[in-house]
Amino acid sequence: MYGFFIPTFVALSIFLLIVLIITGLIAKKLYPLMYCVAVFSYINLVTYWIDSYELKRDMVVLILAVSTFLMILFGYLISKRSDFKNKKVMQKKKKIYFWGIVIPSIAIVLFAIIGMLDIGLSIEKTPVSYILNDDLFYDCSYDYAKPIEHPSSKSLEIMNITIKNDFIFPRRVSFSNYVICSEPQNYFGLDFYDNEGSYNIYGDMAEIDAFSSKTITLSITRACGNENSSVSKIYIIETDDAQRYRMDCRHLSQKQKDDAVVIEVRSSNNVSNS
Amino acid sequence: LKLESIFYIVGGIFAFATIIYFAWEYLITFSRFIKVIMLVLVTIALYFCARELHRRDM
């Protein structure tokens, strides 16, 4: 997701550390170090903003120009040390500095709490009513020498997951881990994708804008089989990361079956008769 | 070393641990918008902190 932010952050952190040590040794005061940390934070803000939103060149130029102006302005303000000798001005500035620290700190805590809460977030799962047994398997005698698409790569949509965000801020939602089991057990692959591309099913995240929704399709990749291969049910089981590795599809508990999304598998004959 | 300094140091260690743990566990789950806003606020708070230290000539 991040192109140049992480390398820039690491390089800047190392540079900051060196600058802090040198400044600390020369100045023997705390405030030059704090100015350095504030500038470091500002540079990170600019790089993160440009990188994460993949801003266009006009916006990048604007941000860089505003940054230039801001840095010169702050340099000028800091150079006006005569203010610190005026007692009246100092009393006024003392209050401004105090609230300048307190208000952003409170706001950071509030934003952190808002970010952690799931206000206005809803997840709706819409599984398909049934799938055909023939669609679940491909012929194992596939000839790898033929330059055609491998049949197992054709995935089969089984469930849509709609994540809705009814809140004023965008949200990042991490996907649940899913395990696919079948009755009788067979090994099917699992895939997550939307119109923007595919996701890693384990621990990936999607960002949902304010008052909008995102639909992610869960599909299974077909398994190698023959004319005798058949399953009667597909269980889509939501797990946490630790359970994923311990899930035994051959010995599912009744609770796991009850909690799972169950999809009926029909043979082609049943469907044509019905 | 004053007695109150021990509590301040331990408090500082807890604050540092809270920030590190928060960043490790929660920051990744925040949307880009919230992260940008938080970075803006951190920058403002750090600037005023530096100004206050400058005022006190510390």
Residue satisfying all of: in segment A:72-93; surrounded by 13 or more Cβ atoms within 10 Å (Cβ to Cβ) and closer than 22 Å to B:Val42 by Cβ; modelled with the highest pLDDT among these:
A:Phe74
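Taking the residues in segment A:205-223 that are under 30 Å from A:Ser267 (Cα atoms) and out of contact with any helix residue (DSSP H, G or I) (no Cβ under 7 Å at 6 or more places or on another chain) as candidates, determine which candidate is farthest from the other protein chains (Cβ to nearest Cβ).
Here is the first cut: in segment A:205-223, the residues under 30 Å from A:Ser267 (Cα atoms) are A:215-223.
Subsequent filtering for residues that are out of contact with any helix residue (DSSP H, G or I) (no Cβ under 7 Å at 6 or more places or on another chain) retains A:215-220.
Numbers: A:Thr215: 18, A:Ile216: 17, A:Thr217: 22, A:Leu218: 21, A:Ser219: 26, A:Ile220: 28 Å.
The qualifying residue farthest from the other protein chains (Cβ to nearest Cβ) is A:Ile220.
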(1) closer than 30 Å to A:Met205 by Cβ; (2) of a type in the set (Ser, Thr, Tyr); (3) touching a residue at least 24 places away in the same chain (Cβ under 8 Å) all hold for A:Tyr53 apart from (3)
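To keep it simple, each residue is scored yes or no on (1) assigned to a helix (DSSP H, G or I); (2) among the polar types (S, T, N, Q); (3) under 25 Å from the mean Cα position of the chain (by Cα).
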residue	(1), (2), (3)
A:Ile26	yes, no, no
A:Lys29	no, no, no
A:Val39	yes, no, no
A:Leu62	yes, no, no
A:Ser67	yes, yes, no
A:Lys92	yes, no, no
On the basis of being more than 13 Å from chain B (Cβ to nearest Cβ), more than 21 Å from B:Leu41 (Cβ to Cβ), surrounded by 11 or more Cβ atoms within 10 Å (Cβ to Cβ) and not small (Gly, Ala, Ser), does A:Val10 make the cut?
no
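Residues of segment B:23-34 being at the interface with chain A (Cβ under 7 Å from one of its Cβ atoms) and either charged (D, E, K, R) or outside any helix (DSSP H, G or I) (or both), which ones? Please lay out each step first, then the result.
Going through segment B:23-34, the residues at the interface with chain A (Cβ under 7 Å from one of its Cβ atoms) turn out to be B:26, B:29-34.
Answer for segment B:23-34, where residues must be at the interface with chain A (Cβ under 7 Å from one of its Cβ atoms) and either charged (D, E, K, R) or outside any helix (DSSP H, G or I) (or both): B:Tyr26, B:Phe30, B:Ser31, B:Arg32.
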Of the residues in segment A:1-24, how many are aromatic (Phe, Trp, Tyr) and not in a helix (DSSP H, G or I)?
2
Expected output for segment A:28-40 (first residue under 22 Å from A:Val10 (Cβ atoms) and more than 7 Å from chain B (Cβ to nearest Cβ), partner part of a helix (DSSP H, G or I) and polar (S, T, N, Q), Cβ below 8 Å, 6+ apart or cross-chain) is A:Leu33/A:Thr23; A:Cys36/A:Thr23; A:Phe40/A:Ser13
Of the conditions (1) assigned to a helix (DSSP H, G or I); (2) crowded, with 16+ Cβ neighbours inside 10 Å; (3) more than 13 Å from chain B (Cβ to nearest Cβ), A:Ile131 clears all except one; give me its number.
(1)
Could you tell me whether any residue of segment A:126-143 is modelled with pLDDT of 85 or more and under 18 Å from the mean Cα position of the chain (by Cα)?
no
Expected single match for farther than 25 Å from B:Tyr26 by Cα and modelled with pLDDT of 85 or more among A:Tyr235, A:Tyr187 is A:Tyr235
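The values are calculated or read from the model by the stated rules, or taken from the named source; none is laboratory data. Note that the structure is predicted; figures quoted are calculated from it, not measured. Glycine also receives a Cβ, built like all others from the backbone with ideal geometry; neighbour counts cover every protein chain displayed.
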